[in-house]
Amino acid sequence: MVIFGWRTTIEQLRMLTLVCGHCHHQSAHNLFRRYTKPTIFFIPLFTISSRYGLQCTFCGVSYDISKMHAHQLV
């Protein structure tokens, strides 16, 4: 019997001070990378999906951004 699954990991890249597009407050934003890897017997193999995002610490809204935009913010 083979145990197969998916593991999604969130990696924090930076904390930035930006104006939120949702609540319009200037607050800290968490810039993160979320990636998914297939696993066999709970061992992650390789990255199949990678997405970048920002999350406002004031209102909690989270939205995806492009890879190029994330690299410009870093």
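General observations
- Qualifying positions in the stretch 48-62 - part of a strand (DSSP E or B) and open to solvent by 80 Å² or more (accessible area, probe 1.4 Å): R51
- Comparison of H22, H29 shows that the only residue that is touching a Cys at 6+ places or on another chain (Cβ under 9 Å) and either open to solvent by 40 Å² or more (accessible area, probe 1.4 Å) or part of a loop (DSSP other than H, G, I, E, B) (or both) is H22.
- Members of the stretch 1-13 found to be under 23 Å from V74 (Cβ atoms) and surrounded by 13 or more Cβ atoms within 10 Å (Cβ to Cβ), listed by number: L13
The rows are residues; the columns are (1) outside any strand (DSSP E or B); (2) at pLDDT below 95.
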| site | (1), (2) |
| --- | --- |
| M1 | yes, yes |
| W6 | no, yes |
| L16 | no, yes |
| R33 | no, no |
| T36 | no, no |
| F46 | yes, yes |
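- Selection from the stretch 29-74 of residues that are without any contact (Cβ under 8 Å) to a residue 40 or more places away in the chain, on the phi < 0 side of the Ramachandran plot and hydrophobic (A, V, I, L, M, F, W, C): F32, I40, I43, L45, F46, I48, L54, C56, F58, C59, I65, M68
The values are calculated or read from the model by the stated rules, or taken from the named source; none is laboratory data. Computed from a predicted structure; not experimentally measured. So basically every Cβ, Gly included, is an ideal-geometry build from the backbone, and we count neighbours across all protein chains shown. The protein model used for the area step is the full one, side chains on, heavy atoms only, and it has no ligands, DNA or RNA in it. Shrake-Rupley method; radii C 1.70, N 1.55, O 1.52, S 1.80 Å.
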